[in-house]
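Below you'll find the structure, written out as structure tokens, and then a few comments.
The values are calculated or read from the model by the stated rules, or taken from the named source; none is laboratory data. Owing to the predicted nature of the structure, the values given are computational and were not obtained by experimental measurement. Here the Cβ positions follow ideal geometry from the backbone for every residue, glycine too, while neighbour counts run over all protein chains shown.
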Amino acid sequence: MNISLFITCFNDTLYPETGKAVVSILERLGHTVHFPMEQTCCGQMHYNTGYHEEIIPLVERFADQFENAEAVVSPSASCVGMIHEFYPKLAALSGSKVLQDRIDALIPKVHEFTMFLVNELKVEDVGAYYPHRVTYHSTCHSLRSLKIGDAPHRLLRNVKGIELVDLPGALECCGFGGTFALKNADTSAAMLGDKIRHIKETGAEVCTSADNSCLMHIGGALNRQRSGVKTVHMAEILNTTEEGAQV
Amino acid sequence: MKKGSQPTFEETAGRYIENAQLRWNIGHATRTIRDKRQLVVQELDDWEELREAGRQIKQKVMNSLDRYLLQLEKSVIKAGGVVHWATDAEDANRIITKLIKEKKETDVVKVKSITTDEIRLNRALENEGIHALETDLAELIVQLAGDEPSHILVPAIHKNRAEIRELFKDKLNLKELSDEPADLAEAARLYLRKNFLKANVGISGGNFAIAETGTVAVVESEGNGRMCTTLPEALITVLGIEKIVPEWKDLEVFMQLLPRSSTAERMNPYNTFWTGITEGDGPQEFHLVLLDNGRTNVLADETGRQTLHCIRCSACLNVCPVYERTGGHAYHSVYPGPIGAILTPQLRGLDDKSAASLPYASSLCGACYEVCPVKINIPEVLLHLRNRVVLHRKKEGGFRQKTDPVHLAMKFLARAFAKKSRYERLQKMGRTAQWFYEKDGAISNLPGELSKWTSIRDVKPVPDKTFREWWRER
């Protein structure tokens with residue numbers, strides 16, 4: 001299959017290893033990965049902060065880059081959620097019927113990475129080996145916007161050597177919420193504090209999820225506290241085999 | 001209250017978050033009720049169908065609210081009641097004060113009603129020499145303490161029983177009193193009972209009003225509502241215009257949705273319905289005050305309109321990670337939590353800085369939407385209102401708006417993301433600029449607005465190579 005990667009601005013700039021892992025896994029499974037170079041950002045931060053009119057050009061840009069793709073895959077649950085939930089609204093806001101039709105046709109082809117593996121490619125065992133104690137943070141957008149279901153768990157359960165531990169209070173938000181973490185810093189800190197406490201309770205070495213944005217938030221605090229727990233995107237776990245990371 | 005004279009959410013949230021006693025009280029209470037709700041909701045196989053039915057009934061009402069209101073008025077008059085129309089709080093308070101004064105009463109009893117809290121009825125009556133006694137246990141606690149409610153359904157959720165014991169001993173002049181809930185309830189019961197029997201006027205809100213018959217419904221747990229609506233000679237009910245349902249049979253849906261979502265009960269202990277007046281039985285005078293107070297503005301907003309579907313169950317408060325940590329007072333509104341964050345700004349308008357800060361008091365986790373019994377898409381309305389706030393500020397303009405760091409950053413980034421060359425230049429700039437802040441593989445001390453991030457979190461430095469640079473070289 002020809003798969004176009006939407007890396008997202010965030011992973012492109014800060015978490016290239018996640019993107020490399022996605023490419024490596026998809027190629028290992030026999031697919032061809034394409035990367036349209038003109039792609040930038042989905043506009044989620046603007047949208048969530050109330051700046052809607054400003055990002056209509058980004059919606060158009062996304063359509064330009066990906067509408068001819070066979071499938072679009074992205075390792076970010078929140079960016080995919082943004083596209084599925086709010087691109088139709090932004091297209092409507094633009095007043096262009098053409099853009100609305102283009103977005104409507106494109107959206108069913110846009111997939112979050114773990115859901116794509118399990119639901120579209122029907123793969124649950126990617127041959128990974130990861131001998132660590134790991135807890136999974138189910139991000140709010142994975143859970144409630146994308147309805148990710150148990151796709152990540154199916155994949156993680158098939159990783160050899162992994163010791164998966166349930167995270168207490170797993171359904172609760174980590175307190176990131178984009179600019180919420182700055183605008184309502186006190187509340188965000190209180191939510192993050194509880195999340196960190198729960199992660200430490202599990203005794204895990206690694207906290208993983210299908211989205212680097214929550215992991216940046218959680219990992220930032222784990223690092224500051226010198227907790228000895230690291231955050232790793234799921235794609236990077238799935239890309240580790242008995243021969244090490246496959247990049 | 002002068003517009004904008006209250007603090008914004010972010011200005012005072014920290015103060016409530018730091019209060020360990022408050023955090024424990026609210027955390028404990030919301031977790032308990034949240035778990036109980038989950039159990040009684042799971043019992044019903046058709047819960048999702050019920051939610052959808054509730055949503056559709058409410059949508060039907062909002063689409064023809066003008067017609068249903070006139071039908072309700074006609075039905076109430078036919079059943080012997082009197083209908084009053086109030087455009088705002090002042091209007092409603094004036095009508096109610098006049099009615100009580102005509103009866104030459106100075107003491108009235110009240111059923112718990114958030115709509116009367118919204119219009120600050122008790123204060124308005126007090127100014128006219130009329131004392132309105134709250135008869136719901138939690139409302140009584142709040143009233144005796146001179147406090148404000150902090151939850152839609154459990155107004156004294158921020159107080160624990162030790163605090164309530166001290167309050168009752170002091171205000172009800174009791175020498176001996178334990179902190180056992182049964183003893184505290186008994187103390188309140190004895191105090192309230194004599195007032196029920198004395199009162200000639202009762203005041204209530206209403207959970208539902210049926211347009212078809214003119215019937216008004218109050219559902220409750222303590223029986224005080226039943227007393228207030230049956231014992232006095234005259235009953236005055238204040239009802240937000242959105243509380244209408246078209247027909248009796250619609251209650252079949254809401255009487256399942258509401259108790260399970262609010263108190264986690266299969267049925268409320270007391271369900272009181274009255275239709276106008278009945279000769280020789282109950283109040284012989286019934287006044288229905290229909291309150292707008294900003295609701296027609298909400299109705300006019302296509303996306304915001306669904307806010308009026310709310311049946312005040314408070315399930316969204318109990319699952320909200322923000323509410324759980326700040327409690328209700330941080331919202332500076334009688335409607336706290338997620339529903340308050342969308343209702344308050346729409347009722348008060350965006351010139352009110354405190355109200356305009358509320359759509360931002362959410363991490364957009366979506367837990368509220370998941371539990372809402374009438375499927376109000378709260379995150380969608382929050383985002384819509386954030387956009388309205390931004391547009392409102394842009395229209396206001398001025399130096400402060402133009403130099404606001406968030407506004408500038410958003411403009412700058414929107415421009416950068418719109419062109420590949422600018423975007424790639426920005427990536428390189430980030431990598432160059434960070435040398436000043438990076439130490440031992442982490443950034444822990446960013447300036448300005450970003451210091452709020454690094455006060456408790458490190459930032460991972462931008463790696464040497466972006467993904468696209470790696471891809472190009474591949």
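Looking only at the stretch B:393-408, count how many residues are among the aliphatic types (A, V, I, L, M) and loosely packed, with under 14 Cβ neighbours inside 10 Å. Give the steps one after another, and end with the answer.
Our first condition is that a residue be among the aliphatic types (A, V, I, L, M); within the stretch B:393-408, this holds for B:406, B:408.
Next, only the ones that are loosely packed, with under 14 Cβ neighbours inside 10 Å stay: B:408.
Counting residues in the stretch B:393-408 that are among the aliphatic types (A, V, I, L, M) and loosely packed, with under 14 Cβ neighbours inside 10 Å gives 1.
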Positions within the stretch B:409-437 being crowded, with 16+ Cβ neighbours inside 10 Å and more than 10 Å from chain A (Cβ to nearest Cβ), in sequence order: B:437
Could you go through the stretch A:4-26 and let me know if any residue there is more than 7 Å from chain B (Cβ to nearest Cβ) and basic (Lys, Arg). no
Can you say whether residue B:277 is more than 19 Å from residue B:58 (Cβ to Cβ), in contact with a Pro (Cβ under 8 Å, 6 or more places away or on another chain) and aliphatic (A, V, I, L, M), as far as the supplied structure shows? yes
Is there a residue being touching a residue at least 24 places away in the same chain (Cβ under 8 Å), over 30 Å from residue B:246 (Cβ atoms) and either surrounded by 15 or more Cβ atoms within 10 Å (Cβ to Cβ) or within 28 Å of the chain's Cα centre (by Cα) (or both) anywhere in the stretch B:203-213? no
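Could you list, in sequence order, the residues of the stretch B:108-120 that are among the aliphatic types (A, V, I, L, M) and crowded, with 23+ Cβ neighbours inside 10 Å?
So in the stretch B:108-120, the residues among the aliphatic types (A, V, I, L, M) come out as B:108-109, B:111, B:114, B:119.
Scanning the stretch B:108-120 gives B:108, B:109, B:111, B:119.
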Output yes when any residue across the stretch A:53-74 is within 14 Å of another protein chain (Cβ to nearest Cβ), modelled with pLDDT of 95 or more and farther than 30 Å from residue B:431 by Cα, and no when none is. no
Are there any pairs, at least 6 apart or on different chains, whose C-beta atoms fall under 7 Å, with the first in the stretch A:216-235 and outside the structural domain of residue A:142 (by TED's automatic domain parsing) and the second part of a strand (DSSP E or B), and if so, which? none
If you take the residues in the stretch B:350-374 that are away from chain A (no Cβ under 14 Å) and touching a helix residue (DSSP H, G or I) at 6+ places or on another chain (Cβ under 7 Å), which one is surrounded by the most Cβ atoms within 10 Å (Cβ to Cβ)? B:355
Could we say that residue B:267 is of a type in the set (A, V, I, L, M, F, W, C), assigned by TED's automatic domain parsing to the domain that holds residue B:101 and without any contact (Cβ under 8 Å) to a residue 24 or more places away in the chain here? yes
Residue B:273 under 24 Å from residue B:69 (Cβ atoms), buried (at least 21 other Cβ atoms within 10 Å of the Cβ), out of contact with any Lys or Arg (no Cβ under 8 Å at 6 or more places or on another chain) and assigned by TED's automatic domain parsing to the domain that holds residue B:33: no
Just checking, does the stretch B:438-452 include any residue being of a type in the set (D, E, K, R), under 22 Å from residue A:140 (Cβ atoms) and at pLDDT below 95? yes
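Any residue at all in the stretch B:309-332 that is in contact (Cβ under 8 Å) with a residue 40 or more places away in the chain, of a type in the set (Phe, Trp, Tyr) and touching a Gly at 6+ places or on another chain (Cβ under 6 Å)?
From the stretch B:309-332, those in contact (Cβ under 8 Å) with a residue 40 or more places away in the chain are B:309-332; that's our starting set.
Imposing the further condition that a residue be of a type in the set (Phe, Trp, Tyr) reduces the set to B:323, B:331.
Keeping just the survivors that are touching a Gly at 6+ places or on another chain (Cβ under 6 Å) gives B:323, B:331.
For the stretch B:309-332, residues in contact (Cβ under 8 Å) with a residue 40 or more places away in the chain, of a type in the set (Phe, Trp, Tyr) and touching a Gly at 6+ places or on another chain (Cβ under 6 Å): present.
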Considering the stretch B:217-239 alone, what residues qualify as being in contact with a Lys or Arg (Cβ under 9 Å, 6 or more places away or on another chain), assigned to a strand (DSSP E or B) and crowded, with 23+ Cβ neighbours inside 10 Å? B:218
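Residue-wise test of (1) surrounded by fewer than 18 Cβ atoms within 10 Å (Cβ to Cβ); (2) more than 13 Å from every other protein chain (Cβ to nearest Cβ).
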{"position": "A:135", "(1), (2)": "no, yes"}
{"position": "A:170", "(1), (2)": "yes, no"}
{"position": "A:174", "(1), (2)": "no, no"}
{"position": "A:188", "(1), (2)": "no, no"}
{"position": "A:213", "(1), (2)": "no, no"}
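Could you run through the stretch B:111-167 and say how many residues are of a type in the set (A, V, I, L, M, F, W, C) and touching a residue at least 60 places away in the same chain (Cβ under 8 Å)?
Keep residues of the stretch B:111-167 that are of a type in the set (A, V, I, L, M, F, W, C), which gives B:111, B:114, B:119, B:121, B:124-125, B:130, B:132-133, B:137-138, B:140-142, B:144-145, B:152-154, B:156-157, B:162, B:164, B:167.
Going one step further and asking which of them are touching a residue at least 60 places away in the same chain (Cβ under 8 Å), we end up with B:111, B:114, B:119, B:121, B:132-133, B:137, B:152-154, B:157.
Number of matching residues: 11.
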For the structure I just gave you, tell me whether residue A:238 is touching a residue at least 12 places away in the same chain (Cβ under 8 Å), out of contact with any Lys or Arg (no Cβ under 6 Å at 6 or more places or on another chain) and either within 14 Å of chain B (Cβ to nearest Cβ) or among the acidic types (Asp, Glu) (or both). no
Filtering the stretch B:442-468 down to residues that are out of contact with any strand residue (DSSP E or B) (no Cβ under 9 Å at 6 or more places or on another chain), facing another protein chain (nearest Cβ under 8 Å), in contact (Cβ under 8 Å) with a residue 12 or more places away in the chain and not in a loop (DSSP other than H, G, I, E, B) yields B:449, B:468
